[in-house]
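The values are calculated or read from the model by the stated rules, or taken from the named source; none is laboratory data. It should be emphasised that the depicted structure is a prediction, and the values quoted were computed from it without experimental measurement. Cβ sites come from the backbone with ideal geometry, for glycine too, and all protein chains shown count toward neighbours. When the accessible area is computed, the model is the full protein with side chains, heavy atoms only, and any ligands, DNA or RNA have been set aside. Shrake-Rupley method; radii C 1.70, N 1.55, O 1.52, S 1.80 Å.
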Amino acid sequence: VIVLAAEVLGQAEPFLRQDNVHPTVLVSAYTKALAAALEIMEQQAITVNVEKDKEWMNKLVESSLSTKFSGRWNDKMVEMALQAVLIVAQPSASVSSASASAGGLGLGDATAKSSGMEVDLKRYAKTEKIPGGEMDDCEVLRGVMFNKDVVHSSMRRRIENPRILLLDTPLEYKKGESQTNMEITEEEDWSALLKLEEEYVANMCQEIIAAKPDIVITEKGVSDLAQHYLAKANITAFRRLRKTDNNRIARATGATIVSRTDEIQESDIGLGCGLFEMRKLGNDWFCYLTECTDPKACTIVLRGGSKDVLNEIERNLQDAMQVVRNVVNNPKLVPGGGAIEMAVSVGLKRKGQTIQGIQQEPFLAVAEAMEVIPRTLTQNCGVSVIRTITQLRAKHAAAYDEVDAKKGTDGEDAAAEANVRCTWGVNGETGQLVDMNEYGIWEPLSVKAQTLKTAIESACMILRIDDIVSGSKKRG
């Protein structure tokens, strides 16, 4: 973004210094160029099906991981990133309601095209880093895993198709919120108080047992008496679970978090989990709720030799998942290696010839600025910049010339122009020109479009500044 914005500003300098073009004219021309560039990007983009086009997705994610620490385990990391994002992804509530209302107005297609998926990786894709093991032991669970042991040793440690009840209330006698002193003179009164406490806990446990759950998970404490009643009813219990973990379990199993035991209904019980089991990894026990029928939350288990290795793998995996998330939201890819920038540059130059007046030259200046990306790639490879950029420019221009030669009737001109697609770019290692379709370097359209928007809009914002007034006084 910074490189592109600096180049756009650099192209604006001659107009301001020599030609005395007003910044408003420049900004207007740059805005037109931005709109035209986004149209060209859409033409150059290909649409992929995230679930079916595995080859395209592998190419995309590999291009973001190949230069990182985890590049040697590319296949494993790509598979895990795809699995995690596809499990978490679901149509957003706002989109579904908007498409329903648009369908009644005959706008269903337009709404569907602009709709996005809700992919909340931060809340629903938890990463558990466990030292020990190897990279091959890493996996994405179709469900949830958390670091807790059962509250009583006699409780079951493996249940198939469990009924899960989630609570955020303590299964123990509530202490008074304010400081309370009680003076007891008779021994029978003390016994009555203890009996009241026991009856309160027993009543809560009876209400839970009436719902016939196999597993009870609460965010608060579980008293010894409650453990006794639940173990006697053959119910497995967990206590003091994090709120975030409880939300993940609710989403994965279809359960509803209940705040009062007397409000438990059959619909609150989670039936989506296929297998519950306790496993020991290292020195700790972990609870696995896996084989869920339609999990919209997952846990990513990372294994490695040390904490430093695990932290680095986690960062690389997060990058890969963000790439996949961008494509899920907007399933379009554009060629990398400077190919899309050169395609935009050539397309803007052709479109600039049709613009009349003082805005033509600033419009063409944006086309020149777009070449900074392939030019920088070529410079980093140490090959002849002028020769390589000229050849690349000729490749993209030839694609338009070929369409011009095939143009038939006037009605087909616009369609033929829109179908121009050239995927030639620069090999970042050798500096040679390669077809990115064969080389396998692709990038999400949403990222490229946002980069271009940010660069040009930042340049326009700076150009609008007339003067800088400093509020500090000179010393001395």
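Could you tell me the accessible area of Asp189 in Å² (1.4 Å probe, neighbours in place), rounded to the nearest ten?
Accessible area of Asp189: about 70 Å².
Please report, as a whole percent, how much of the solvent-accessible surface of the chain comes from carbon and sulfur atoms (probe radius 1.4 Å).
Looking at the chain in its full context, I get 48 percent from C and S.
Which residue, chosen from Phe15, Ala84, Ala125, occupies the Cα position most advanced towards the positive end of the dipole of the chain, where the dipole is computed from +1 (Lys, Arg) and -1 (Asp, Glu) charges on Cβ about the Cα centre?
Phe15
Which one is right for this structure if Rg and Dmax of the Cα atoms in Å is calculated from it: (i) 25.4, 82; (ii) 23.2, 80; (iii) 31.0, 107?
(iii)
Calculate the dipole size of the chain relative to its Cα centre from +1 charges on Lys and Arg beta carbons and -1 charges on Asp and Glu beta carbons; express the result in debye to the nearest 20.
Roughly 1160 debye for the chain.
Once amide H atoms are placed 1.01 Å from N in the peptide plane, what residues at a sequence separation of 5 or more from Val258, or on another chain, have their amide H within under 5 Å of its amide H?
Placed amide hydrogens put Leu166, Leu167, Asp168 under 5 Å from Val258.
Just going by the charge dipole of region 196-249, with Lys and Arg at +1 and Asp and Glu at -1 on Cβ, which of Val222, Leu241, Gln206 is farthest out on the positive end?
In region 196-249, that residue is Leu241.
Test of understanding: what is the full-extension gain from Leu275 to Glu51, defined as 0.36 nm times their sequence separation minus their Cα-Cα distance?
Net length gain for the segment: 78.1 nm.
When the helices in the chain are scored as -39500 (n - 2.57) per DSSP H run of 4 or longer and the sum is shared across all residues, what 222 nm value do you end up with, to the nearest 500 deg cm²/dmol?
-16500 deg cm²/dmol
At a Förster distance of 30 Å, what's the computed FRET efficiency of Gln318 paired with Thr169, Cβ-Cβ distance as r, to 0.05?
Efficiency, rounded to the nearest 0.05: 0.30.
Given the Cα-Cα distance of Lys453 and Leu194 and 0.36 nm per residue of separation, how much length would full extension add, in nm?
Gain on stretching Lys453 to Leu194: 86.3 nm.
Where does each of 254-262, 366-374 land if you order them by average Cβ count within 10 Å, highest first?
Per-residue mean Cβ counts within 10 Å order the peptides as 366-374, 254-262.
With axes computed from alpha carbons, what is the tilt in degrees of helix 385-406 against the longest principal axis of the chain, rounded to the nearest 10 within 0 to 90?
The angle comes out near 80 degrees.
Pairing the Cα long axis of helix 372-381 with the longest principal axis of the chain, what angle in degrees results, from 0 to 90 and rounded to the nearest 10?
80 degrees
Calculate one ³J(HN,Hα) per residue across region 16-22 by plugging θ = phi - 60° into the Karplus curve 6.51 cos²θ - 1.76 cosθ + 1.60, and present them in order as whole Hz with x for glycine and proline.
Coupling constants for region 16-22: 6, 7, 9, 8, 6, 6, 5 Hz.
Can you give me the accessible area per residue for the chain, using a 1.4 Å probe, in Å²?
On a per-residue basis, 53 Å².
If you take the charge dipole of the chain about its Cα centre, with +1 on Lys and Arg Cβ and -1 on Asp and Glu Cβ, which of Thr67, Ser345, Thr261 is farthest toward its positive end?
Ser345
About its Cα centre, how strong a charge dipole does region 146-229 have in debye, to the nearest 20, once Lys and Arg get +1 and Asp and Glu get -1 at the Cβ?
Dipole of region 146-229, to the nearest 20 debye: 820 debye.
Scan region 138-172 for trypsin sites (Lys or Arg not before Pro) in coil per DSSP, keeping those whose Cβ has at most 11 other Cβ atoms within 10 Å, and list them by number.
Here no trypsin sites (Lys or Arg not before Pro) fit, given the DSSP loop and packing criteria.
Hey, what angle do you get for helix 23-44 against the long axis of the chain, alpha-carbon based, 0 to 90 degrees rounded to 10?
Taking Cα atoms only, the helix is inclined about 70 degrees.
Given the pairs Lys122/Lys220; Lys122/Lys280; Lys243/Lys307; Lys349/Lys406; Lys175/Lys220; Lys54/Lys332, which span a C-alpha to C-alpha distance of over 18 angstrom in this model?
Lys122/Lys220; Lys122/Lys280; Lys243/Lys307; Lys349/Lys406
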